[in-house]
Structures are given as C-alpha cells and as structure tokens.
Amino acid sequence: MQDLMTRIQTYIPLILFPGLGCFMSCFLTMVCIRVMPVLGFIDYPGGRHIHQKPVPKAGGTAIVTAFLIALTVYGLMRFSSDNNYEFIEKISRQVFLPALFLGAVGLYDDRIGLSAKLKLAGQVMAAFVAWLFDAKMDVLLNWELPFYLSCAFSVIWIVAF
C-alpha cells in the first residue's frame, strides 16, 4: 500500500500541472478573443493572410500566461512541501524569465510587428539568458563541451525546440 501511495504522489504532478496549464490556456484564450480586439490586437485580411474577416491577435499571451501560472503553482507547491528555495530560484531564472521575455517579444510583434530577423534575435537572446543561468548542454555523446560549444549547441537547441 505504501508503494502505491509513493507512486501516486510521484505521478500526480505529471498530470496535475500540464492539466492546469491546458485548462488555463483554454480559458485565457477565450478571454483573449474578447479582450484583445478592444486593445487593438486585430489582424486584418489581406497580404499573406488567408482569413476573410478581422481576427483577434495575441493568443500567445494566453499560452505564455497559462504556462507561467502552472509553473508558479508548481514552484509554490514544491516550495511549501520541501522548503526548496534553490529549486524555485533556479527554475525562475532558467525558465520563467526567458518565457516572460519571449511573451513580451511576441506581444510586441502582435501589436507593432517585427521582422523575422528581430523575432529570431529575441529568441536567441532568451535562449542565451537560459544558458547563462545553467540551462545548458555541457556534455554531448559522452564528450565534455567547451563553454563556447556548450553555448552554441544549447542556444540552437532551445531556439529550435
């Protein structure tokens, strides 16, 4: 019975937090569909667009916000159960800050419009920040990478992902 309880406690976060993120993403997407046009985030037909009527933009805001909410709830629950401040600090720097920056770049792109080069530069900067805070690939095929290759491979991997 104890083994079953341990397994349940191990696997519940694997269902609970992605489920929370999915629910929040759906809910916030509905909110964005109503609110974003009022704030001027509208994509009009024409050019490369295939839609026939104006549609709301900035749906990425809902996804980023849902992700950050799920990450925050996970961090708070982990902190309250383990008093593991180092974990919270590490995950905040490695994931929260780059995700927040990417969300801001996406929102700016939806409002003003950015070139593909500037969007890629924003993604590379966010990946570099994650690498600076130890979200890095240090070993590849059992070979320890020098810092410059670690940086290059990590940034390329994060941006490609």
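The values are calculated or read from the model by the stated rules, or taken from the named source; none is laboratory data. For clarity, every value in this text was computed on a predicted model and none was experimentally measured. In this analysis, Cβ positions are derived from the backbone assuming ideal geometry, glycine residues included, and neighbour counts consider all displayed protein chains. These area figures cover heavy atoms from the full protein model, side chains too; ligands, DNA and RNA do not enter into them. Shrake-Rupley method; radii C 1.70, N 1.55, O 1.52, S 1.80 Å.
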Q. How big is the gap, in Å, between the Cα center of the range 86-118 and the Cα center of the range 21-53?
A. 19
Q | Segment ALA160-MET125, extension gain: residue separation times 0.36 nm, minus the distance between their alpha carbons | A | 11.3 nm
Q: Using a 10 angstrom cutoff on alpha carbons, build the Gaussian network for the chain and name the most mobile of GLY47, GLY106, GLY19.
A: GLY47
(Q) To make sure I understand the rule: partners must be aspartates and glutamates, Cα under 13 Å from the Cα of LYS53, and not fewer than 8 residues away in the same chain. Which ones qualify? (A) ASP43
(Q) Show me the trypsin sites (Lys or Arg not before Pro) within the range 58-161 that DSSP assigns to loop and that have at most 11 other Cβ atoms within 10 Å of their Cβ. (A) none
**Q.** Most fluctuating residue given options ALA130, ALA121, ALA104, as computed from a GNM of the chain linking Cα atoms under 10 Å
**A.** ALA121
Q. By average Cβ neighbour count within 10 Å, what is the ranking of 3-13, 49-59 from highest down?
A. 49-59, 3-13
Q | Probe 1.4 Å, accessible area per residue of the range 110-161, Å² | A | 74
Q: Enumerate the amide H contacts of ASP43 below 5 Å, restricted to partners 5 or more residues apart or on another chain; note that Pro and chain-start residues carry no placed amide H.
A: VAL55, LYS57
Q: Grab the DSSP H runs of the chain that are 4 residues or longer, score each as -39,500 (n - 2.57), total them, divide by all residues and round the 222 nm result to the nearest 500 deg cm²/dmol.
A: -23000 deg cm²/dmol
Q | Binned Cα-Cα distance frequencies in the chain - 10 Å width, integer % | A | 10, 27, 32, 22, 9, 2, 0
Q. Percent relative contact order of the range 11-57, based on C-alpha pairs within less than 8 angstrom and at least six residues apart?
A. 30
Q: Normalise the Debye intensity by I(0) for the range 70-161, one equal point scatterer per Cα, no solvent, then take log10 at q = 0.20, 0.24 Å⁻¹ and round to two decimals.
A: -0.97, -1.10
